[in-house]
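Colleague: Take this structure first; my questions come after.
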Amino acid sequence: MGIHNARNGCVLQGAVDTLRAISGFVPIVHSTIGCSYYAASGQEAGGFYSVLTGNGAVSANAVPSSNIIERQVIFGGGSRLREQIKNTVKVIKGEAYVVLSGCATEIIGDDIDYMAKESQQQGYPTFFLSTAGFRGNAYVGYETAVLGILKNLSLFGASEQQIEENTINLLGIPPVLDPYWAGSQRRMTKLLERIGLRVNRLFGAGSNIESWKQFPDATCNFVFSSWGLPAAIYAKEHFGTPYLEFDGLPLGSQTAVFLGRIGSELGISYPWIKSIIHRGEETLSCALGAIGSSYYTNRYQRDFVIVAPYFTAYSVLSYLESTLGLSNIGVVVTDIQDEEEKKQTYKHLSQITEFILFSEDTSEIADFIQNRNPELILGSHYESAIAKKLRIPLFEVSYPITQRILLTKGLSGYEGAVSLTEDLFSQIKNFKETESE
Amino acid sequence: MGFGDYATKRESSYDTLNAFYDFVNIYSQELSEGLRQRTRTFSQDMPSDIFYAVKLLSNIPGAGIVIHGPRGCGAFAPTFWKSPDDFPISVTNLSEQNTILGGEQQLRDTLIKYITKYEPKILFVVTTPPVSINSDDTGAVIAEISDEYNVKIIGVLTTGFQSRIGISGYDSALLPLFNHLAGDDSDWDKPFVNLISISEDKKESDEIGHLFSELGISVNILPGGGINAFKRAGAAVKTFLLNPYDGILLAEKLKEVYGVHFIVPPLPIGPGGTDLFLKTVTDIFGIDYVQSGDVTVIPILSGKRVYIQGSPSYASVLAEIITRSGGSVAGISIPFIDRTVAYLFEGFHDKLHVGEGQDFEIINYLNENRADLFLFESNAPESAIRLGIPTVCYGKSHLLTQGGWESFKHSIEKILKNNAFARCLNPDDIKVYTDGWLKRRVNWYIKQEVI
């Protein structure tokens, strides 16, 4: 069915965003003009960090692309692709080149895999990923890209597996699609390092080919959303790496449960974990104490609806209800498409909330919100229309975001909870003050 | 009805190139001898005709847009859906199955859903590469739904591959707009002029409209004036085409069918530009106007080398201003060159870079030929940022408004005074490009096309 104001992008765009967040990986798009340029449009709306990734990743507005035209659509674009790959390796300094197909080139049947292998044979670590946009949404693109890299590790000269004790890979936090990805990842990394774990930097600052070559050496993979699961399962089957699955990143006091579980699974000293939890709880408690009076004076306690991918919706909802005392009266899950997965998710989510909708269509979501009649919306920029109609504040937590720039803010851990509280209550306070003018 | 209006691609209609790095007189010579198309053997992505078509259509009040294609074709919607009051930009979300079996039903369902929910005055269906390759019978669905729901639905044929020139999308949108909406049935009781302003935003178009109003001339703004603006356009006494390239098809059609001649006035940028603009308009209508003699300069640019990246009209005017201010133009990069704009660069004595989104060529040039200032129109130039060159976006300054011009000048003053931000960026970021490339000449990957 058609989508009003589509928010999730396509497979190709998700793959481009994922690859661009890894230093040294160069996406080469084989498609008609504009396919990855659209990904650039999303940069303004999602998470600025990935545009100027400080370690020389390909920028949003400069993705190599074959830009095939009519002649190539009719007669085939293979030779154009060959030329593009051959010249990309001369222009862009990369450690891996990933050729991505668009809708047009898959429809016309270009043998893209062959061209990629040709480049491999010439000594360039090049591989192909099938990413035609009609195959699914951008989350599938993230999944495809991560799995694709793992399946092609041998191209990068990955050495024999050597398990590095207490080394972890973080999966299921999709760059850009989760606008808070960089900050969430950073905070989670800091938290885990405090309990003695080493986190392999797979995306963003510090990421490179080496970190991916070390992927199989991890002790365990942590999976924060279902989008990281295929990679985790692959790693289990091929590298023997166990994984732990979580319902999104832990936020606020959920961190205690999270750390407790990790400590138990990985045999980390409980007194040490307990001290970290204690410090975290103290930080959170102090912060909440500081706004205690304001909470009641400004009536921050609101009935809210959240519109977000499941991994964000679950953790934010849990924090808002169990710690901030807000009341959830509806959840819209925007990323899950598979019917079986919807059933499982529904079963799980219905333990903490009653009204659930699976949709990415802005008008359907607006109708749902209107029926629920909340006092606050946590969603994307697209929910601004219904927020304006209902004259209630909107706090943007999901893609696309236009209210602010996100550099270090993350929705994870105790610090993430404090930061979310600051921003959310500021939004409510400012809205209230504007309303009364 | 509703479909089948195919605008000739820009390469044919206006001899447009989007890959070129040479002196403008070389292009002009080739026009008489036979233009040779160029292509890039290495390219970076750029906006397609679909992007530009939607950009234009999203400026028509009361218009809904449905993009008929896979979901990714609607991914740039956040760029154009700015206000909660705007109609949404929908996408039919074709799946793999649809691309094999056809997406007509998907289009049908999406149109019905859109019309039922939003009741737009007019609805545009924009096509995409998969739909064009598979030859979906989009026209039949449009005709069917249009009749059934009594809503004007207009098909806009964009393919993403027929033309390599992004602004072909403007033509793809303007042709059906003209064919289905244009008329000479004016609901105004006074004579008026058309103002075709496509690349500018509403604030700028309105301010120029205000310049006309102050002279006592009624103005009909296209496309920003909406459906009624098109309906009355054929009754105008004259058309003012703000940029010689974006609305040229519409201007020519109005002349051809309704006898409304058009003129390209000087862009009213800064006090001098505005003075010239007003002189041009008043001369045409025999209105008394005493020129102020103002000259547009930016004193701080004296002695500075400035690189300009932007659309032809604005780039050429800024180049003149820089030279007049005692500075020099380090280089110009425009997205395309064609018959409608080549004359704007006759006074430019260096090679002109032509290419939208080809940042690798600009960084190549700037690595060897440093500039003191970089002016750009829309997308931030990674090249200049990574090289630490002071940079100002004039596109967001609303140059055509008085306040915008002052703001733009002040932005230049500020950045030349304090470029700390760029200096703090990682200078190693340029190393995404190989040393081998940075040593080559700029047009290394631009070749003449062999058909």
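The values are calculated or read from the model by the stated rules, or taken from the named source; none is laboratory data. Keep in mind that this is a model prediction, so the values were computed, not measured. Every residue, glycine as well, gets a Cβ built from its backbone with ideal geometry; the counts of neighbours run over all protein chains shown. Note: areas computed on protein heavy atoms with side chains; ligands, DNA, RNA excluded. Shrake-Rupley method; radii C 1.70, N 1.55, O 1.52, S 1.80 Å.
Colleague: Let me make sure I get this right: for region A:264-387, a, b and c are the square roots of the gyration tensor eigenvalues over alpha carbons, sorted descending. Under 1.5 in a/c it's rounded, otherwise prolate if a/b > b/c, else oblate. Which is it? Numbers along the way, then the final one.
Modeller: Details: a/c = 2.80, a/b = 1.32, b/c = 2.12.
Note, shape of region A:264-387 comes out oblate.
Colleague: What pairs from B:K304/B:K396; A:K151/A:K343; B:K231/B:K253; A:K90/B:K9 go past 25 Å between their alpha carbons? List each step's numbers first, then the result.
Modeller: Working: B:K304/B:K396 22 Å; A:K151/A:K343 30 Å; B:K231/B:K253 13 Å; A:K90/B:K9 32 Å.
Correct reply: A:K151/A:K343; A:K90/B:K9.
Colleague: I've got another one for you. Considering only protein heavy atoms, what per residue accessible area in square angstrom results for region A:271-422 with a 1.4 angstrom probe?
Modeller: Values: 6390 Å² over 152 residues.
Roughly 42 Å² per residue, with all protein chains present.
Colleague: Sum up the charges of everything whose Cβ sits under 15 Å from the Cβ of B:V392, counting Lys and Arg as +1 and Asp and Glu as -1, but leave B:V392 out.
Modeller: +2
Colleague: Roughly how many nanometres apart are two label points built 7 Å out from the Cα toward the Cβ at A:S269 and B:R441?
Modeller: In this crude spin-label approximation the distance works out to 6.9 nm.
Colleague: What is the set of long-range amide H partners of A:F358 at a cut-off below 5 Å, with H atoms built 1.01 Å from backbone N?
Modeller: Result for A:F358 returns A:V333.
Colleague: Given a cut-off of under 8 Å on Cα pairs at least six residues apart, what relative contact order in percent is computed for region B:329-448?
Modeller: Result for region B:329-448 is 23 percent.
Colleague: Still on this structure: Averaged across the residues of A:90-103, what count of C-beta atoms belonging to other chains lies within 10 Å of each residue's C-beta?
Modeller: 4
Colleague: A further question on this structure: What is the calculated FRET efficiency for B:D185 to B:D147, with r their C-beta to C-beta distance and R₀ = 25 Å, to the nearest 0.05?
Modeller: For B:D185 and B:D147, the calculated efficiency is 0.60.
Colleague: For region B:314-381, which GluC sites (Glu not before Pro) pass both filters: DSSP loop (anything but H, G, I, E, B) and at most 14 other C-beta atoms within 10 Å?
Modeller: On the way: sites: B:E320, B:E346, B:E356, B:E361, B:E368, B:E377; in loops: B:E346, B:E356, B:E377.
Answer by residue number: B:E346.
Colleague: What do you get for the angle between helix A:181-194 and the principal long axis of chain A? Use alpha-carbon atoms, 0 to 90 degrees, nearest ten.
Modeller: Tilt of helix A:181-194: around 80 degrees.
Colleague: Apply the Karplus parameterisation 6.51 cos²θ - 1.76 cosθ + 1.60, with θ equal to phi minus 60°, to every residue of region A:286-302 and state each ³J(HN,Hα) to the nearest whole Hz, in sequence, with x for glycine and proline.
Modeller: Residue by residue, region A:286-302 yields 4, 5, 5, x, 5, 10, x, 5, 4, 3, 8, 5, 8, 6, 6, 6, 10 Hz.
Colleague: For region A:283-366, run through the trypsin sites (Lys or Arg not before Pro) and keep only the ones in DSSP coil with at most 12 other Cβ atoms within 10 Å of their Cβ.
Modeller: Loop-located and lightly packed - A:R299.
Colleague: With θ set to phi - 60° and the Karplus curve 6.51 cos²θ - 1.76 cosθ + 1.60, what are the ³J(HN,Hα) couplings of region A:220-233 in order, to the nearest whole Hz, using x for Gly and Pro?
Modeller: Result, ordered by residue: 7, 10, 9, 10, 9, 7, 5, 6, x, 5, x, 5, 5, 5 Hz.
Colleague: Averaged across the residues of A:134-140, what count of C-beta atoms belonging to other chains lies within 10 Å of each residue's C-beta?
Modeller: Partner-chain Cβ atoms within 10 Å, mean over residues of A:134-140: 4.
Colleague: Most fluctuating residue of A:E165, A:E383, A:E375 in a GNM of chain A with Cα springs under 10 Å: which is it?
Modeller: Residue with maximal mean-square fluctuation among A:E165, A:E383, A:E375: A:E165.
Colleague: Another question about this same structure. So what is Rg over Rh here for the protein assembly as shown, counting just Cα atoms and using Kirkwood for Rh?
Modeller: 0.97
Colleague: Provide the buried accessible surface between chains B and A in square angstrom, both chains summed, 1.4 Å probe, rounded to the nearest 100.
Modeller: About 5800 Å² of accessible surface is lost on pairing.
Colleague: Collect residues whose amide H, placed 1.01 Å from N in the peptide plane, falls under 5 Å from the amide H of B:T239; neighbours closer than 5 in sequence don't count.
Modeller: Those qualifying (amide H under 5 Å, at least 5 residues apart or on another chain) are B:N194, B:H261, B:F262, B:I263.
Colleague: Sticking with this structure for a sec: Less than 13 Å apart at the alpha-carbon level, and either on another chain or at least 8 residues along: which aspartates and glutamates does that give for A:K117?
Modeller: Result set, ordered by chain and number: empty.
Colleague: Add +1 for every Lys or Arg and -1 for every Asp or Glu among the other residues with Cβ under 10 Å from the Cβ of A:P174, and state the total.
Modeller: Result for the neighbourhood of A:P174: -4.
Colleague: Determine the sum of side-chain charges near A:S363: Lys and Arg each +1, Asp and Glu each -1, restricted to other residues whose C-beta is under 14 angstrom from that of A:S363.
Modeller: -4
Colleague: Suppose we take every Cα in region A:125-213 and form the convex hull; what volume per residue is that in Å³? If you can, show how the numbers build up before the last one.
Modeller: Details: hull volume 8.6 nm³, N = 89.
Convex hull volume per residue, Cα atoms: 97 Å³.
Colleague: Let me ask you something else. Normalising by the residue count of chain B, find the relative contact order in percent from Cα pairs under 8 Å and 6+ residues apart.
Modeller: Over chain B, the number comes to 18 percent.
Colleague: Taking chain A as the reference, fit the longest principal axis to its C-alpha atoms, fit the long axis of helix A:310-322 to the helix C-alpha atoms, and give the angle between the two in degrees, 0 to 90, nearest 10.
Modeller: Rounded to the nearest ten degrees, it is 10.
Colleague: What angle do you read, to the nearest 10 degrees and between 0 and 90, between the alpha-carbon axis of helix A:413-435 and the longest principal axis of chain A?
Modeller: Once rounded, the angle reads 70 degrees.
Colleague: Rounded, prolate or oblate: pick one for region A:99-147, where a ≥ b ≥ c are the square roots of the eigenvalues of its C-alpha gyration tensor, a/c under 1.5 means rounded, and failing that, prolate if a/b is larger than b/c, else oblate.
Modeller: Oblate, since a/c reaches 1.5 and b/c is not below a/b.
Colleague: Next up: For chain A, what relative contact order do you get, as a whole percent, if you take Cα pairs closer than 8 Å and at least 6 residues apart?
Modeller: 18
Colleague: Right, another one. So for chain A: antiparallel DSSP bridges make up what percent, rounded to the nearest 5?
Modeller: The answer is about 5 percent antiparallel.
Colleague: Same structure, new question: What do the square roots of 5 times the Cα gyration tensor eigenvalues come to for chain B, in whole Å, largest first, as semi-axes of the equivalent ellipsoid?
Modeller: Calculated on Cα positions only, the semi-axes equal 36, 29, 20 Å.
Colleague: Give the shape of chain A as rounded, prolate or oblate, defined through the alpha-carbon gyration tensor: a ≥ b ≥ c are the square roots of its eigenvalues, a/c under 1.5 means rounded, and otherwise the shape is prolate if a/b is larger than b/c and oblate if not. Can you show the working numbers first?
Modeller: Working: a/c = 2.11, a/b = 1.38, b/c = 1.54.
It is oblate, given that a/c is not under 1.5 and a/b is not larger than b/c.
Colleague: List, by residue number, every residue in region B:86-114 with a reduction of 50 Å² or greater in accessible area between the chain on its own and the complete protein assembly, 1.4 Å probe.
Modeller: The answer is B:E96, B:K113 - residues whose exposure falls by at least 50 Å² when every protein chain is included.
Colleague: Which ³J(HN,Hα) values in Hz, rounded to whole numbers, follow from the phi angles of region A:269-279 under the Karplus curve 6.51 cos²θ - 1.76 cosθ + 1.60, where θ = phi - 60° and Gly and Pro get x?
Modeller: 3, 5, x, 5, 5, 4, 5, 5, 4, 4, 5
Colleague: Moving on to the next point. Taking 7 Å along the Cα-to-C-beta vector as the label spot, tell me the B:L31-A:T402 distance in nanometres, rounded to one decimal.
Modeller: 3.9
Colleague: Shifting gears a bit: Please compute the per residue accessible area over region B:333-451 with all protein chains in place, 1.4 Å probe, rounded to a whole number of Å².
Modeller: With the other protein chains kept in place, region B:333-451 gives 45 Å² per residue.
Colleague: Step by step: find N for region B:90-180, compute 2.2 N^0.38 Å, then divide the Cα radius of gyration by it. What's the final number? Don't skip to the end; give the middle numbers.
Modeller: Details: Rg = 13.2 Å, N = 91, 2.2 N^0.38 = 12.2 Å.
Computed over Cα atoms of region B:90-180, the ratio equals 1.08.
Colleague: Looking only at other chains, what is the average number of their beta-carbon atoms within 10 angstrom of each beta-carbon in A:63-71?
Modeller: Averaged over the peptide's residues, the number is 6.
Colleague: If you put +1 on each Lys and Arg Cβ and -1 on each Asp and Glu Cβ, how big is the dipole of the protein assembly as shown around its Cα centre, in Debye rounded to 20?
Modeller: Charge dipole of the protein assembly as shown: 1740 debye, to the nearest 20.
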